[in-house]
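First comes the structure, then the notes that go with it.
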Amino acid sequence: MSHSNNATEQVLRSSGVDVRKCMRCGKCTATCPAFDEMEYHPHQFVYMVEKGEIEKLAASPSIYKCLSCFACVDRCPRGVEPAKVVEAVRLAVIRQQGQNHMKSDDIPALLDEDMPQQLLVSAMRKYSK
Amino acid sequence: MKFSYYPGCTLKTKGKDLDRYGRLSAEALGFTLEELPDWQCCGAVYPMAKDEIATKLSAVRALVSARDAGEELVTLCSACHNVIKQTNHDMATDADIALRVNNYLGLETPYNGETTVLHYLEVLRDRVGFDKIKAAVKNPLTGRKIAAYYGCLLLRPGKVMQFDDPENPTILENFIRAIGAEPVIWGMRNECCGGYVAAENKAQAEKRSSIVMEDAKKNGADTVITACPLCLYNLAKNGGSDLPVVYFTELLAEALGVK
Amino acid sequence: MQRIGVFICHCGTNIAGTVDVKAVAEALGHEAGVVFSTEYQYMCSESGQQLMRKAIREHKLTGVVVCSCSPRMHEATFRKAASLEGINPYMVEIANIREHVSWIHKDMKEATEKAIILGRAAIAKVHLNQPLQAGESPVTKRALVIGGGIAGIQTALDIAEAGFEVDIVEKSPTIGGKMAQLDKTFPTLDCAACILTPKMVDAGQNEKIKIFAYSEVEAVKGYVGNFNVSIRRKARYVDETKCTGCGLCTEKCPQKKVPNEFNMGMNNRHAIYIPFAQAVPKVATIDADYCMMLKTGKCGICSKVCGAGAIDYKQQDEVIERQYGAIVAATGFNPIDAKAYNEYGYATCPDVVTSLELERLMNAAGPTNGTLLRPSDNEHPHTVVFVQCVGSRCTETDERGKPYCSKICCMYTAKHAMLIREKYPDTDVYVFYIDVRTPGKNFDEFYRRAVEQYGVHYIKGMVGKVTQNGKQLRVQASDLLAGEQLHIDADLVVLATAIEPDKTARSIATMLTASMDTNDFFTEAHPKLRPVESPTAGIFLSGVCQGPKDIPETVSQASACAAKVIGVLAKDKLTCNPCVAQSDEMLCNGCSSCEKVCPYGAISYSDKEFRGPNRTTLIRRVASVNPAVCQGCGACTVACPSGAMDLKGFSNKQIMAEVDAICQ
């Protein structure tokens, strides 16, 4: 992610989101269940991608806090789909060499006897390449 | 009535009850779930990115398998349902994804989203009918106040899932009525429990799931039901509540007298 | 051989920026029959018209081609200029090189080439043009207004004031519309009833105005000046001429559990009812869905108590026919159904209400007699949250909402917030907004007063979720300026729901052959210059059916609409469009295809004698067109299998000549 324009284009392309459709109402952020955990909130992801400020987003732990619950996607009156922007920024990070957020070595420490398989599978899917 | 059936990995291990009671009830209600041969894990989370292809392949394989069997594909786990249904939508509507997936799989007949994907609850509502279920109930759960927890995956994105009104769903409430209990209407039933971060951010998961469980309790529920093994784990483990969380199939089996 | 003059308009840079106008004038100057060709900066200007007139005189022109903007803009202008020099106006043709060329092409070479081709087609047509004489038709000096809200009432009053008869057809039992349901009106806070009901009474008492309430337009035939309209007068089961409006029947009726639509279903009325005290006409109506007598034949109490003997359980719908010179659509609006927005809890939480419901909750004639009480437990709310833009300003593909701004919500919400703070100073009021839109006289000042004087908390952000939290509502929202997510415990949540055209507007538009946009708002003939006329002659638009607007704007538009209607009714004769169909009786085979497709009923058949071979006479059935009824749509010319039907001014030959010129 050395060149900001390339990074922005990559995020726009892989998310498939038209950030210009946003009317800055903030409903995504109003409905977000992960608000308290996030440094940048859903509407900021959309706005900052529009401005090309991918580096700040990529460096923020916020990209791992999104719950992929699609509340912002369904409730956005403009059809912007902020969750897809968050996922695209996260992907842009973890696709880089050595940037996996979760490693298989981390898993044994997280396990408990009731934990469903899908939790580990999805965590690895979301946080590693 | 016979359907292709995709159980998914959790239903073979930690979520056995969801599967077992689902199959017993199906038998009692007169429909057959034929497990797909050689199914693979769906990946447990839908890959949203347009340029993610490899992560969608296993879902497509299941869809192709059902198509080739000439059957509708039934899922039971909310997460599997979400992944398979959304991937199917991509195959039907996103020409670029469909082309790349088909190029990779090299199928005899390319796949373009032909399979109908049904959640088990949709089979109950649209194929069996809640009236028929009501008639088949042997032990009605009279007097029970049950809170249906939809979570996110069954309902959203609404345009793709086409499961129910994503903001005011009724399918589980009607299911609860059919088995003789009283549904609780509560605001958090379609809000996220934070299940996806339960492994790496337990604090966030605890916070979300306790908000959900508290709301169920406050609205007078005695039980919470779900179709999702991840939600069940998270709500029961991290929700900090004494309310029992069970699979909807378990109550169905109980009401049908096959538990 | 015609002597044709060609005039190319630059339209400033609108055309000349993309089309090489000099090259077009040069090329078209060489066409056969063209004796003069020139270009000018603004052909429509006075000096442009003078230039054309001078050329007609000096070059003895018999036909004119103007290459300019759409004929919808200036065809009439150029025809009039030409006719002042003695040329028949129908010898003037327009080649649209603005909308069809310069505005949609970028490449000058291609655009110039296309402009020349279109000019050539117009020249080919003028060669075949015939002078046409417009006929005249009489005008029925009465107007119909469909819809009896403030828009329809104002339009009707103004038409009547000018001395013309006017009928109002209103589908509900009384006129008054949405305004009758409002409590106070911005920005002056006068009570809606106080300013509306005198107008309702005026309309009811005006000798020129006839109100058909509880009635619907069922069919419309005819054309400007001569409409024939079928009106269904729905059975009220009460004789309007006998009922005195005493209301005794409505008190004694034992069926008391009918949701009261006037109060948005928040309380009940009886099966026989008068919608509200100031209803016009003040006549009772029996709701057949709930009346025990009509459903089971058992009851009859209203009939027994009615001293006037007005109750008539055997009354039937009646369809009457009336003639009009002009028709006004004033079909109004409704708020969208907020049930789809259950993230705001509307479908499941009783204390989440719409703004129109709040109007009733604050109105003295409402279900709470004007005391603000929340619906769930009739307690006084201490925290009220307003949500703006519910279903407005959504993306085009949104399934729940509308793409437009509903325009009135910012102001009525400011009004609501202000009134609550004034009446109940112990109440906290929050308004979540995206933008506050207040373009109107004294509007922004009004909104600022809500903030500065009344202390309403305006928060830039949106509500994301409302859940029932015990007896209260938990409102989760964003405060974008503070960068916070708020959780407010509220007693009442009010949704400023989008407004949409009334559901009946679409079918009325179809009957009127008036066009609508994708949102079902009626389309005006020109968005700036003819805002109260439909493109269909004789159909006029009043109020929200044309687009969202508040009361002051609605009333202004309603009066403007009346002025346009009066302009039609004041004429004794209307000039007809001479471009009508005609049948060549020698070619007609009497098949009736044209009669079947004619939407105006302008074609009839008759048996006529024709001379056959050897001095015999043949009787054949042939079509003839009533030129006063024909609107020149051309459907018959397409349907005719033998080529007998032709449209004057757009004959088959002329159109083929244009196509040939384009393809040459």
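Of all residues in the stretch B:197-221, those satisfying the criterion of being buried (at least 17 other Cβ atoms within 10 Å of the Cβ), away from chain A (no Cβ under 12 Å) and touching a residue at least 60 places away in the same chain (Cβ under 8 Å) are B:Ala216, B:Asn219, B:Ala221. When C:Val229, C:Val238, C:Val224 are screened for being at pLDDT below 95 and aliphatic (A, V, I, L, M), only C:Val224 passes. None of C:Ile327, C:Ile320, C:Ile301 is surrounded by fewer than 23 Cβ atoms within 10 Å (Cβ to Cβ) and either in contact with a strand residue (DSSP E or B) (Cβ under 6 Å, 6 or more places away or on another chain) or within 14 Å of another protein chain (Cβ to nearest Cβ) (or both) except C:Ile320. Checked against the criterion of being open to solvent by less than 40 Å² (accessible area, probe 1.4 Å) and over 30 Å from C:Gly543 (Cβ atoms), the candidates C:Val139, C:Val145, C:Val101 yield just one match: C:Val101.
Okay, residues lined up against (1) without any contact (Cβ under 8 Å) to a residue 60 or more places away in the chain; (2) out of contact with any strand residue (DSSP E or B) (no Cβ under 8 Å at 6 or more places or on another chain):
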{"residue": "C:Phe333", "(1), (2)": "no, no"}
{"residue": "C:Ile336", "(1), (2)": "no, no"}
{"residue": "C:Glu343", "(1), (2)": "no, no"}
{"residue": "C:Thr348", "(1), (2)": "no, no"}
{"residue": "C:Ser355", "(1), (2)": "no, no"}
{"residue": "C:Asn363", "(1), (2)": "no, yes"}
{"residue": "C:Val385", "(1), (2)": "no, no"}
{"residue": "C:Arg393", "(1), (2)": "yes, yes"}
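When residues in the stretch A:104-117 are screened for being under 14 Å from B:Lys237 (Cβ atoms) and at the interface with chain B (Cβ under 7 Å from one of its Cβ atoms), 4 of them pass. Do we find a residue being assigned to a strand (DSSP E or B) and either under 30 Å from C:Ile286 (Cα atoms) or aliphatic (A, V, I, L, M) (or both) anywhere in the stretch C:147-163? No, the stretch C:147-163 contains no residue that is assigned to a strand (DSSP E or B) and either under 30 Å from C:Ile286 (Cα atoms) or aliphatic (A, V, I, L, M) (or both).
For B:Leu252, the criteria (1) touching a Leu at 6+ places or on another chain (Cβ under 6 Å); (2) more than 10 Å from every other protein chain (Cβ to nearest Cβ); (3) surrounded by 24 or more Cβ atoms within 10 Å (Cβ to Cβ) hold in every case but one, which is (1).
Of the residues contained in the stretch A:5-16, none is found to be in contact with a strand residue (DSSP E or B) (Cβ under 8 Å, 6 or more places away or on another chain), in contact (Cβ under 8 Å) with a residue 24 or more places away in the chain and assigned to a loop (DSSP other than H, G, I, E, B).
When the stretch C:488-501 is filtered for residues that are farther than 23 Å from C:Lys415 by Cβ and open to solvent by less than 20 Å² (accessible area, probe 1.4 Å), only C:Pro501 remains. I'd like to know if the stretch A:49-67 contains one or more residues that are of a type in the set (Phe, Trp, Tyr), within 14 Å of chain C (Cβ to nearest Cβ) and within 30 Å of B:Pro166 (Cα to Cα). Checking the stretch A:49-67: not a single residue is of a type in the set (Phe, Trp, Tyr), within 14 Å of chain C (Cβ to nearest Cβ) and within 30 Å of B:Pro166 (Cα to Cα).
Within the set A:Cys28, A:Cys32, the sole residue that is surrounded by 22 or more Cβ atoms within 10 Å (Cβ to Cβ), within 10 Å of chain C (Cβ to nearest Cβ), modelled with pLDDT of 95 or more and closer than 30 Å to B:Lys14 by Cβ turns out to be A:Cys32. Scanning the stretch B:222-249 for residues that are surrounded by fewer than 24 Cβ atoms within 10 Å (Cβ to Cβ), touching a Lys or Arg at 6+ places or on another chain (Cβ under 8 Å) and of a type outside the set (Gly, Ala, Ser) yields B:Asp222, B:Thr223, B:Asn238, B:Leu243. Scanning the stretch C:174-228 for residues that are under 22 Å from the mean Cα position of the chain (by Cα) and in a loop (DSSP other than H, G, I, E, B) yields C:Thr174, C:Ile175, C:Gly176, C:Gly177, C:Tyr214, C:Val224, C:Gly225.
The residue of the stretch C:404-435 that is nearest to C:Gly391 (Cα to Cα), among those that are free of Cβ contacts under 8 Å to residues at least 40 places away in the same chain and open to solvent by 20 Å² or more (accessible area, probe 1.4 Å), is C:Asp435. Scanning the stretch C:511-527 for residues that are open to solvent by 30 Å² or more (accessible area, probe 1.4 Å) and either in a loop (DSSP other than H, G, I, E, B) or over 24 Å from C:Val229 (Cα atoms) (or both) gives C:Thr513, C:Ser515, C:Asp517, C:Thr518, C:Asn519, C:Asp520, C:Thr523, C:Glu524, C:His526, C:Pro527. Of the candidates C:Leu182, C:Leu196, the single residue that is buried (at least 21 other Cβ atoms within 10 Å of the Cβ), under 22 Å from C:Thr554 (Cβ atoms) and in contact with an Asp or Glu (Cβ under 7 Å, 6 or more places away or on another chain) is C:Leu182. Candidates B:Thr75, B:Thr55: the one that is among the hydroxyl-bearing types (Ser, Thr, Tyr), crowded, with 24+ Cβ neighbours inside 10 Å, in contact with a Gly (Cβ under 8 Å, 6 or more places away or on another chain) and within 25 Å of B:Gly151 (Cα to Cα) is B:Thr75. Selection of the stretch B:138-155 for residues being open to solvent by less than 10 Å² (accessible area, probe 1.4 Å) and closer than 17 Å to C:Thr467 by Cβ yields B:Ala147, B:Ala148, B:Tyr149, B:Tyr150, B:Gly151, B:Leu155. Look at C:Thr497 and say whether it is within 14 Å of chain B (Cβ to nearest Cβ), touching a residue at least 12 places away in the same chain (Cβ under 8 Å), under 27 Å from A:Gln44 (Cα atoms) and over 11 Å from the mean Cα position of the chain (by Cα). Judged against the criteria, C:Thr497 is not a match. Quick check: is even one residue across the stretch B:171-181 among the charged types (D, E, K, R) and touching a helix residue (DSSP H, G or I) at 6+ places or on another chain (Cβ under 7 Å)? No: zero hits. What about A:Gly79, is it on the phi > 0 side of the Ramachandran plot, surrounded by fewer than 24 Cβ atoms within 10 Å (Cβ to Cβ), small (Gly, Ala, Ser) and at the interface with another protein chain (Cβ under 7 Å from one of its Cβ atoms)? Yes; evaluated as a whole, the condition is true for this residue. Screening C:Gln485 with (1) crowded, with 18+ Cβ neighbours inside 10 Å; (2) in a loop (DSSP other than H, G, I, E, B) gives one miss only, at (2). The helices (runs of 4 or more DSSP H) found wholly in the stretch A:45-129 and carrying at least 2 residues that are modelled with pLDDT of 95 or more occupy A:54-58, A:71-75, A:82-94. Scanning the stretch B:35-52 for residues that are of a type outside the set (Asp, Glu), without any contact (Cβ under 8 Å) to a residue 24 or more places away in the chain and either surrounded by fewer than 17 Cβ atoms within 10 Å (Cβ to Cβ) or away from every other protein chain (no Cβ under 11 Å) (or both) yields a total of 1. Take B:Gly8 and decide whether it is within 10 Å of chain A (Cβ to nearest Cβ), small (Gly, Ala, Ser) and not in a helix (DSSP H, G or I). Judged against the criteria, B:Gly8 is a match.
The values are calculated or read from the model by the stated rules, or taken from the named source; none is laboratory data. Everything numeric in this text was worked out from a predicted model, so none of it was measured. Here the Cβ is made from the backbone with ideal geometry for all residues, glycine too, and neighbour counts use every protein chain on show. We work out accessible area using only protein heavy atoms, side chains counted, and drop any ligands, DNA or RNA first. Shrake-Rupley method; radii C 1.70, N 1.55, O 1.52, S 1.80 Å.
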